[in-house]
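Novice: One structure follows; several queries about it will come next.
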Amino acid sequence: MKDLILVTGGTGYIGSHTTVELIEAGYDVVIVDNLSNSDAKVLDGIEKITGVRPDLEILDCADYEAMKAVFVKYKNIKAAIHFAASKAVGESVQKPLLYYRNNLGSLITMLTLMSEFKCKGFVFSSSCTVYGQPDVLPVDENAPIKPAISPYGNTKQIAEEIIRDNAHAGASFNTVILRYFNPIGAHPSAVIGELPLGVPQNLIPYVTQTGAGIRPKLNVFGNDYNTPDGSCIRDYINVVDLAKAHVIAVKRLLEEKNKKNVEIFNLGTGRGLSVLEIINVFEKVSGVKLNFEIVGRREGDIEQVWANPEYANNVLGWKSETTVEDTLLSAWKWQQRLSGK
Ligand code: UFG
């Protein structure tokens, strides 16, 4: 019998790619999502790629009774991957209570039910945002946590503390916390990808929409940073590579290979790329000249951050594999599909 994995936020960007990888690795998946930032149509894409249509329960993970009914209905949930969260940095500054309620309420509900139903493993989506601007690059998991710049970032820091406190108090399950750097790209089939609602806030969807003529031009936020070309540097990680790390984390938890109750891993490539370098690669792989303009800095941006992924490489046996060229090409193919080309 296949092990059943609960994926909250499974119709979202990283959640949908992870669901595909879980199914392809031989797991059964049930998704819980309130569709606040996603579309149930993504199930068609997951089915097209895998031949399997996972169950979807449409509800809010912060709703204890509704969530409990899912654990009762599916009886044998072995592990959960908790993606469901609000993630727009700017919006979190405007609506902090919404972020604290959604992100922490859903986490507390999940942790409570994990113990009640004796599930074995919990995987939590965290972010390199917890490092702020690191003093040392590349940044490893032991780098100090810096004061959060946004309520969104703060929810990730507090969530990690809640997980640790709960484990310390003797929670009956183990946790893997995955700190993502900048996930980008789409499934190589171009059947699923990122579906930003409204005007994209993140770089890659803005780049591809500009390339497709949906946006007149890309604003590059600053070229006066202390970096080789003056624009900000990030570690852009392919979303399918990222998804595969979740499958490894689940397997590790189910096989009880973890060394501690709570393990933390950086998921990045180990390579930093500037905004201008990304534009350059995009133009090369798409053959499209991108209209962009250098404008002022965006408030709250970190100057440069990239991962030391050695711990994940060595302990999980996971490595980012896809080149940035192939990743940007996948994002471009997905954009073209969305544009009906
Ligand atoms: N950028 C532009 N123009 C745009 C959008 C972005 O120049 O239109 C630049 C940003 O200034 C930044 C880089 O592109 O230098 C990447 O920006 P993103 O918004 O794509 O990503 P961030 O690194 O700001 O944020 C992401 C996630 C957050 C997460 C954070 C962790 O969106 O959820 O990484 O550092 F918290």
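Novice: Can you give me the number of residues within the stretch 230-240 that are in a loop (DSSP other than H, G, I, E, B) and either polar (S, T, N, Q) or more than 25 Å from the chain's Cα centre (by Cα) (or both)?
Specialist: Number satisfying all stated conditions: 2.
Novice: When you go through (1) surrounded by 15 or more Cβ atoms within 10 Å (Cβ to Cβ); (2) over 19 Å from the mean Cα position of the chain (by Cα); (3) assigned to a helix (DSSP H, G or I) one by one for V247, which number turns out not to apply?
Specialist: Of (1) surrounded by 15 or more Cβ atoms within 10 Å (Cβ to Cβ); (2) over 19 Å from the mean Cα position of the chain (by Cα); (3) assigned to a helix (DSSP H, G or I), only one is false for V247: (2).
Novice: Sticking with this structure for a sec: Might you check whether a residue that is more than 16 Å from the ligand (Cβ to nearest atom), surrounded by 15 or more Cβ atoms within 10 Å (Cβ to Cβ) and over 22 Å from P138 (Cα atoms) occurs anywhere in the stretch 318-325?
Specialist: no
Novice: Between a first residue in the stretch 288-299 that is of a type outside the set (F, W, Y) and a second residue that is surrounded by fewer than 12 Cβ atoms within 10 Å (Cβ to Cβ) and in a loop (DSSP other than H, G, I, E, B), which pairs have beta carbons less than 7 Å apart while being 6 or more apart in sequence or on different chains?
Specialist: Listed pairs, sorted by first residue: N291/P216.
Novice: As an exercise: evaluate F122 against (1) more than 11 Å from the ligand (Cβ to nearest atom); (2) under 30 Å from R337 (Cβ atoms); (3) in a strand (DSSP E or B) and give the number of the one condition it does not meet.
Specialist: Only one criterion is unmet by F122, namely (2).
Novice: Just give me the residues in the stretch 180-193 being away from the ligand (no atom under 16 Å from the Cβ) and not hydroxyl-bearing (S, T, Y), in sequence order.
Specialist: Listed by number, the residues that qualify are H187, P188, A190, V191, I192.
Novice: Being of a type in the set (A, V, I, L, M), within 30 Å of S172 (Cα to Cα) and more than 16 Å from the ligand (Cβ to nearest atom) is the filter here, so list the residues in the stretch 257-313 that pass it.
Specialist: Hits for the stretch 257-313 are V262, A312.
Novice: Limited to the stretch 52-70, what total is found for residues that are under 24 Å from the mean Cα position of the chain (by Cα) and not in a loop (DSSP other than H, G, I, E, B)?
Specialist: The number of residues fulfilling the criteria is 7.
Novice: Further, regarding this structure: Do you know which of the residues in the stretch 298-317 that are of a type in the set (G, A, S) and buried (at least 19 other Cβ atoms within 10 Å of the Cβ) is nearest to F282 (Cα to Cα)?
Specialist: A307
Novice: Kindly indicate whether any position in the stretch 14-29 is over 21 Å from R252 (Cα atoms), at pLDDT 95 or above and not small (G, A, S).
Specialist: No, the conditions are met nowhere in the stretch 14-29.
Novice: Does the stretch 194-229 hold any residues that are more than 11 Å from the ligand (Cβ to nearest atom), assigned to a loop (DSSP other than H, G, I, E, B) and either hydroxyl-bearing (S, T, Y) or farther than 24 Å from L338 by Cα (or both), and which are they?
Specialist: D224, N226, P228, D229
Novice: Only residues that are under 22 Å from L111 (Cα atoms) and not in a strand (DSSP E or B): list them for the stretch 17-50, please.
Specialist: Answer for the stretch 17-50, where residues must be under 22 Å from L111 (Cα atoms) and not in a strand (DSSP E or B): T18, T19, L22, Y27, N34, L35, S36.
Novice: Here is a further query. So how many residues does the stretch 201-244 have that are surrounded by 18 or more Cβ atoms within 10 Å (Cβ to Cβ) and in contact with a helix residue (DSSP H, G or I) (Cβ under 9 Å, 6 or more places away or on another chain)?
Specialist: So the answer is 24.
The values are calculated or read from the model by the stated rules, or taken from the named source; none is laboratory data. As the structure is a computational prediction, the values presented were derived from the model and not from experiment. When we count neighbours, we look across all protein chains shown, and the Cβ atoms used for this are built from the backbone with ideal geometry, even at glycine.
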